[in-house]
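Working notes, structure below.
What follows is calculated from the coordinates using simple rules that are stated; it is not laboratory data. On a predicted model such as this, the values are computed, not experimentally measured, just so you know. Cβ: placed from backbone, ideal geometry, glycine included. Neighbour counts: every protein chain shown.
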Amino acid sequence: MIKYLFVFLSFALLSCGGDTTTTEKKSTTTAPKTTETAPTPVVDKKKTIVFFGNSLTAAYGLDPSQGFVGLIGERIDSLGLNYKVVNAGLSGETSAGGNSRIDWILRQKIDVFVLELGANDGLRGTSIAETSKNLAAILQKVKTKYPEVKILICAMEALPNMGEKFTAEFRGVFTNLAKENDATLIPFFLSNVGGIPELNQADGIHPTAKGHRIVAENIWTVLKEVL
């Protein structure tokens, strides 16, 4: 910015023997010219991995850093991989809730999408057709917005008390979705954790910190091949 400061000094007229003399002095001070350069915006060039799920993804009962998503993020950082991890887990989320919420999540760029939903549908006895329809809709929205996205689906198991027919059909939902969407299937990601009291919290459903470390390994075994 250039500033000009004009200072005018006026002297009184002096009269002597009828002669009048006028003296005007003008002083101008100019501030030094400066050039301001706008800061260069920081562009995050890392690719984004979004874990979209329920309380298991959200690390219910623990600090998020102790959950499998936080642990996977730490491993990615330690390996210097060009990815950042986003935890989009929401406790209590069902496939229907996820289908309603996914549009908001899609406002950010997604390069790898990990779907971890369906467990609450199984616990509530939601119809297989309804669960499958909702999960398929989520995947379709993701692929439509980001055609180059890589998709991984976490397989889930229904509790035995739901009956053999329901259990078998529930398992098939995830297998079929992976085939129909050219996605990578992560076999039952709670393997070696689910049903083991010492690896789960008092509710018998949500893993402890130690349990999450095992879950993280289950998922990482498959995820690392995709990155």
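Key figures for this structure:
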{"read-out": "Burial ranking of peptide ranges 51-60, 126-135 (average Cβ count within 10 Å, highest at the top)", "value": "51-60, 126-135"}
{"read-out": "The range 47-226, dipole about Cα centre (Lys/Arg Cβ +1, Asp/Glu Cβ -1), debye to the nearest 20", "value": "480"}
{"read-out": "Amide proton proximity set for Phe188, modelled H, under 5 Å, gap of 5+", "value": "Ala155"}
{"read-out": "Prolate/oblate/rounded label for the range 47-226 (Cα gyration tensor, a/c 1.5)", "value": "oblate"}
{"read-out": "Reachable aspartates and glutamates, given that their alpha-carbon falls under 18 Å from the alpha-carbon of Lys141 and they are not under 8 places away in the same chain", "value": "Glu93, Asp103, Asp111, Glu116, Glu130, Glu180, Asp182"}
{"read-out": "Relative contact order (%) - the range 54-98, alpha-carbon pairs under 8 angstrom, separation at least six", "value": "51"}
{"read-out": "Packing-based exposure ordering (other Cβ within 10 Å, fewest first) of Leu223, Leu62", "value": "Leu62, Leu223"}
{"read-out": "Peptide ranges 81-91, 108-118, 207-217, 161-171 listed from the most packed, as the mean C-beta count within 10 angstrom indicates", "value": "108-118, 207-217, 81-91, 161-171"}
{"read-out": "Normalised contact order of the range 78-227, rounded percent, pairs of Cα under 8 Å and 6 or more residues apart", "value": "19"}
{"read-out": "Pairs from Lys133/Lys179; Lys47/Lys133; Lys45/Lys179 whose Cα-Cα separation, in the structure shown, is over 25 Å", "value": "Lys47/Lys133; Lys45/Lys179"}
